[in-house]
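Participant: This is the structure, below, for whatever I ask next.
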2 protein chains.
Amino acid sequence: MAHITGVDVLDVRFPTSRELDGSDAMNPDPDYSAAYVVLRTDEGPDGHGLAFTIGRGNDVQAAAIHALAPHLVGRPAPVDATALAALSSDLVGDSQLRWLGPEKGVMHMAIGAVVNAAWDLAARTAGLPLWRFLATMTPEEIVGLVDFRYLSDVLTRDEALDILRAAEPGRAGRIEHLLANGYPAYTTSPGWLGYSDEKLATLAGQAVADGFTMIKLKVGGDLDDDIRRMKLARQVVGDSVRIAVDANQRWDVDTAVRWMTALAPYQPYWIEEPTSPDDVLGHQAIAEAIRPIKVATGEHVQNRVIFKQLLQAGAIDVLQIDACRVGGVNENVAILLLAKKFGVPVCPHAGGVGLCELVQHLAMFDYVSVSASTENRVVEWVDHLHEQFVDPAVVRDGHYLAPTAPGFSARFTDDTLANYRYPDGPVWTEQNAEGR
Amino acid sequence: MAHITGVDVLDVRFPTSRELDGSDAMNPDPDYSAAYVVLRTDEGPDGHGLAFTIGRGNDVQAAAIHALAPHLVGRPAPVDATALAALSSDLVGDSQLRWLGPEKGVMHMAIGAVVNAAWDLAARTAGLPLWRFLATMTPEEIVGLVDFRYLSDVLTRDEALDILRAAEPGRAGRIEHLLANGYPAYTTSPGWLGYSDEKLATLAGQAVADGFTMIKLKVGGDLDDDIRRMKLARQVVGDSVRIAVDANQRWDVDTAVRWMTALAPYQPYWIEEPTSPDDVLGHQAIAEAIRPIKVATGEHVQNRVIFKQLLQAGAIDVLQIDACRVGGVNENVAILLLAKKFGVPVCPHAGGVGLCELVQHLAMFDYVSVSASTENRVVEWVDHLHEQFVDPAVVRDGHYLAPTAPGFSARFTDDTLANYRYPDGPVWTEQNAEGR
């Protein structure tokens, strides 16, 4: 039996702020970064995972992953549902570390990175891409992954089992469908706030030409600018392409309602992160005020308990899971089940670095084993930094191609690890030598 | 003008798990710890603050404080309301670090420790204990401390000003009252889950003899045990002493209702942390089901946005601020104003290490400048580790004595820093040498 023999943690950062890629109303100059973890084993494959950050504090995130090492080193390599459930439970349940959350922020993202690395290891051991590895599991195995604590008032284990059993017919056909057609994507590439109107128009037109049926624009800096940009985008893409907008938590409730009312003539499909990700009742008030525009959130929603309430309150019309914000695959399975229970479509957040690579697997698992539908479901696509990965996500004709390589797709190339290591990799030492 | 010249961060841990002090249903063996920060200056006093943790992960908390140093070193020492507001705003607003929360968990507690250290520095510079330094501020200065982002749907700056102006008459009299009589306390010392029935009864009787009119028991391990312990405590203290109970997040909604219904015959005054601190709607459901038993929470409530919703939803009857969980004095001022707006009494969480020392100042400020009342208000008291502080909190006859020494009372003695430093202080190296 293989064992985990060591935990490597690396601080990897990309100087994305140089180009204003990724600029939005709350994040003007991100340097996309990863606190990267490798679970080393004495035999069989290693496991690779990451926590995504946007620069400063990536060292804090790395320290949090280090703090989990005593739970890992010497442990049998987790290769099945039971072992992966036990690992998640041990990490979340550490009674002293729990004080630092509980189940939120730096410590919880560290758990997510480690849990995802363990799933990578298990899927590699099985010789399957993560989404297909998950799809081999029985409903009983899948509910065994989930921590129902704090969920039982809206979703019991038995209800979850019913959901999964109802989706069993047709699983093989849906796997074939994904292998043949991929999973629908939308693109955020045209819409960063730092881009000129000309660049926005060019990229929006290119998105349609590339087969996307939905794009997204960042908003929330200046209302007049946003009206002009939204109008321009609508002119470029026409009425049949959906345009979502994203305020990145910039507004209070009243501002969100006022701003979206002003943008309504240009038919925004959803408003994403209109206010604090913690504000369930605020999202509820916004959603009631701006229908039929949909409300979406999730990339900063800390755990299943907040998602539960967003669904209970009817506060969101679109649920955006993120592969690296919550406690890894196990908690995202819980969230997918909650969304299905409430009939809310899941449209995952991606972008950053590695988020597309990871979350595509969860969307495909959702389609195969949980929701059994791609209707009104799209995964975000941002065409940044994919070249840094051994098994990069690929989008063709507006669809993510189904991954076929074993694992969870978050493994950096050796060159990436050598070049972008912070602060001593050459990309950073040369940048500093230039006096920046 | 004085400047901040350096930031010292120390990992300080106390081996409290040896005696089961502090044991409860979620935290069976805490080692009370502090990520301790000292803001060094070139002239005038330094500032001392801490983030409280319960052992493992205190190093991660310390790393998060380190990450804030670039905002601090070289900065003029903040000595007035304007500078303290700017410091809080700069720390919370760091767009890259914000990704690690936002405003929650390890990174937010780090901000709280630094902000509190800055307030300590400012109060020392003014030659006043923190509560009196705050009481010198005008309503305009006080609202200037508050970040109203995400609050404006329930509390505007103007409403906050009205609250503070309404409390201006009688401030001098209330200060005199505190100096003469102190602030009411209750004690948790009898109620730790790890204690025998005999120890519980002895300590409960002692608490009444010591002048306390309220005690608290930990619950949530085993219902039969809790019924027996609650019955015993009620027999010992009689009907006129309030008994609060505290489940430390152990239950789901249905379990909380069932458990409290079983304890109801023994008249519990409040149930604290019945479920996840993130579950606003869960607390609302529990509160509706178990009235007249009150619902209390706060020690793990991550920020003002969750408190806002708990109040909006009528989900809590008692609001428990914590000096070290949120973003320091500034955010706690916002929370005190929210509580006043909704007419919910604030009964601060304390205990741990340093929490009594810090939070007594906030309760006294609340009485002087915000709520103007001590009715149904009590500050938790746990008689642990006060000897580690230069200016320890003191409770006499069931009341916290008003602090008179300048500062925020969170400064450790030099001996404490030498003895309990982790992992190299003698308390830890000797413990390890004993093979534990």
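The values are calculated or read from the model by the stated rules, or taken from the named source; none is laboratory data. The structure displayed is predicted, hence computed values, not measured ones. Note that we place each Cβ from the backbone using ideal geometry, even for glycine, and neighbour counts take in every protein chain shown. Keep in mind that these areas ignore ligands, DNA and RNA; they rest on the heavy atoms of the full protein, side chains included. Shrake-Rupley method; radii C 1.70, N 1.55, O 1.52, S 1.80 Å.
Participant: Identify, by number, the condition in (1) within 14 Å of another protein chain (Cβ to nearest Cβ); (2) surrounded by fewer than 24 Cβ atoms within 10 Å (Cβ to Cβ); (3) assigned to a helix (DSSP H, G or I) that B:ALA315 doesn't meet.
Facilitator: Checking B:ALA315 against (1) within 14 Å of another protein chain (Cβ to nearest Cβ); (2) surrounded by fewer than 24 Cβ atoms within 10 Å (Cβ to Cβ); (3) assigned to a helix (DSSP H, G or I), the one that fails is (3).
Participant: Going by what's in this entry, would B:PRO277 be described as without any contact (Cβ under 8 Å) to a residue 60 or more places away in the chain, within 11 Å of chain A (Cβ to nearest Cβ) and either open to solvent by 10 Å² or more (accessible area, probe 1.4 Å) or not hydrophobic (A, V, I, L, M, F, W, C) (or both)? Steps first, answer last, please.
Facilitator: Values: without any contact (Cβ under 8 Å) to a residue 60 or more places away in the chain: yes; within 11 Å of chain A (Cβ to nearest Cβ): yes; either open to solvent by 10 Å² or more (accessible area, probe 1.4 Å) or not hydrophobic (A, V, I, L, M, F, W, C) (or both): yes.
Answer is yes for this residue.
Participant: Just give me the residues in region B:149-183 being β-branched (Val, Ile, Thr) and within 30 Å of A:THR255 (Cβ to Cβ), in sequence order.
Facilitator: Once the filter is applied, which keeps residues that are β-branched (Val, Ile, Thr) and within 30 Å of A:THR255 (Cβ to Cβ), region B:149-183 yields B:VAL154, B:THR156, B:ILE163.
Participant: Go through region A:363-380 and count every residue that is closer than 22 Å to A:GLY328 by Cβ, surrounded by 21 or more Cβ atoms within 10 Å (Cβ to Cβ), out of contact with any His (no Cβ under 7 Å at 6 or more places or on another chain) and touching a residue at least 40 places away in the same chain (Cβ under 8 Å).
Facilitator: Total satisfying the criteria: 9.
Participant: For region A:276-309, name all the residues that are assigned to a helix (DSSP H, G or I) and either under 19 Å from the mean Cα position of the chain (by Cα) or of a type in the set (Asp, Glu) (or both).
Facilitator: Correct list: A:GLU288, A:ARG304, A:VAL305, A:ILE306, A:PHE307, A:LYS308.
Participant: Separate question: Of everything in region B:215-229, what is surrounded by 22 or more Cβ atoms within 10 Å (Cβ to Cβ), aliphatic (A, V, I, L, M) and in contact with a Phe, Trp or Tyr (Cβ under 8 Å, 6 or more places away or on another chain)? Give them in sequence order.
Facilitator: Result: B:ILE215, B:VAL219.
Participant: From the residues in region A:22-36 that are open to solvent by 10 Å² or more (accessible area, probe 1.4 Å) and touching a strand residue (DSSP E or B) at 6+ places or on another chain (Cβ under 6 Å), which one is nearest to the other protein chains (Cβ to nearest Cβ)?
Facilitator: A:ASP31
Participant: Could I ask something else about it? Are there any pairs, at least 6 apart or on different chains, whose C-beta atoms fall under 9 Å, with the first in region A:151-164 and within 19 Å of A:VAL344 (Cβ to Cβ) and the second open to solvent by 50 Å² or more (accessible area, probe 1.4 Å) and part of a loop (DSSP other than H, G, I, E, B), and if so, which?
Facilitator: A:LEU164/A:THR138
Participant: Something else: Quick check on my filter: what residues within region B:163-207 are outside any helix (DSSP H, G or I), in contact with a His (Cβ under 9 Å, 6 or more places away or on another chain) and more than 14 Å from B:VAL370 (Cβ to Cβ)?
Facilitator: Filtering region B:163-207 down to residues outside any helix (DSSP H, G or I) leaves B:167-170, B:182-196.
Narrowing the set further to residues that are in contact with a His (Cβ under 9 Å, 6 or more places away or on another chain) leaves B:182-185, B:189.
Scanning region B:163-207 gives B:GLY182, B:PRO184, B:ALA185, B:SER189.
Participant: One residue is enough: does region B:106-124 have a residue meeting the conditions in the same structural domain as B:VAL38 (by TED's automatic domain parsing), polar (S, T, N, Q) and modelled with pLDDT of 95 or more?
Facilitator: Looking for residues that are in the same structural domain as B:VAL38 (by TED's automatic domain parsing), polar (S, T, N, Q) and modelled with pLDDT of 95 or more, one finds at least one in region B:106-124, hence yes.
Participant: Of everything in region B:91-110 that's open to solvent by 20 Å² or more (accessible area, probe 1.4 Å) and in contact (Cβ under 8 Å) with a residue 40 or more places away in the chain, which residue is farthest from the other protein chains (Cβ to nearest Cβ)?
Facilitator: Looking at residues that are open to solvent by 20 Å² or more (accessible area, probe 1.4 Å) and in contact (Cβ under 8 Å) with a residue 40 or more places away in the chain, I get B:VAL92.
Participant: Considering only residues that are within 18 Å of A:LEU385 (Cβ to Cβ) and facing another protein chain (nearest Cβ under 7 Å), look in region A:52-69 and name the one that is surrounded by the fewest Cβ atoms within 10 Å (Cβ to Cβ). Outline the logic, then answer.
Facilitator: First, pick out the residues of region A:52-69 that are within 18 Å of A:LEU385 (Cβ to Cβ): A:52-55, A:58, A:61.
When the remaining residues are screened for being facing another protein chain (nearest Cβ under 7 Å), the result is A:53-55, A:61.
Numbers: A:THR53: 29, A:ILE54: 24, A:GLY55: 22, A:GLN61: 32.
The qualifying residue surrounded by the fewest Cβ atoms within 10 Å (Cβ to Cβ) is A:GLY55.
Participant: Sticking with this one: If you go through region B:23-72 one residue at a time, how many are of a type outside the set (A, V, I, L, M, F, W, C) and part of a loop (DSSP other than H, G, I, E, B)?
Facilitator: 16
Participant: Now a separate question. Which of the residues spanning region B:113-155 are open to solvent by 20 Å² or more (accessible area, probe 1.4 Å) and assigned to a loop (DSSP other than H, G, I, E, B)?
Facilitator: Within region B:113-155, B:GLY127, B:LEU128, B:THR136, B:THR138, B:ASP147, B:PHE148, B:ARG149, B:SER152, B:ASP153 qualify.
Participant: Go through (1) away from chain A (no Cβ under 14 Å); (2) farther than 29 Å from B:GLY191 by Cβ; (3) out of contact with any Lys or Arg (no Cβ under 8 Å at 6 or more places or on another chain); (4) open to solvent by 20 Å² or more (accessible area, probe 1.4 Å) for B:LEU39 and report which single condition fails.
Facilitator: Condition (4) is where B:LEU39 drops out.
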